[in-house]
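Data block below; observations after.
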Amino acid sequence: MSYLHEREKHTEKTLNVGSLISILKKYPPEMKVLITWESTVNELYPEFIYEAYTGALYLDGDYGFYKEDFKKI
């Protein structure tokens, strides 16, 4: 089993894309979206939203640090 498969196997309560879209529709379109990670506040860039090799969508709060390792080829 790969690293991501191992990490994701207990994520049955995470949102799916449809649920995330429903939540985001409650907010004004011009509102900023930021990511928190280990007590930092980071910007979210389009290039840091990607499909992982597991088929999950990743919103990368670490400025793409693991993107090359995790993205679907």
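The values are calculated or read from the model by the stated rules, or taken from the named source; none is laboratory data. Nothing here was measured: the structure is a model prediction, and the numbers come from that model. As a convention, Cβ positions derive from the backbone with ideal geometry for all residues, glycine included, and neighbour counts pool all protein chains shown.
Computed values, structure above
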| read-out | value |
| --- | --- |
| Selection count where residues are polar (S, T, N, Q), within 15 Å of residue 65 (Cα to Cα) and over 14 Å from the mean Cα position of the chain (by Cα), scope the range 1-55 | 1 |
| Residues satisfying the stated conditions in the range 25-47, i.e. part of a loop (DSSP other than H, G, I, E, B), hydrophobic (A, V, I, L, M, F, W, C) and touching an Asp or Glu at 6+ places or on another chain (Cβ under 9 Å) | 33, 44 |
| Leading residue by the ranking (nearest to the chain's Cα centre (by Cα)) among those in the range 58-73 that are closer than 22 Å to residue 33 by Cα and part of a loop (DSSP other than H, G, I, E, B) | 60 |
| So residue 50, is it in contact with a Lys or Arg (Cβ under 6 Å, 6 or more places away or on another chain), surrounded by 10 or more Cβ atoms within 10 Å (Cβ to Cβ), outside any helix (DSSP H, G or I) and modelled with pLDDT of 95 or more | yes |
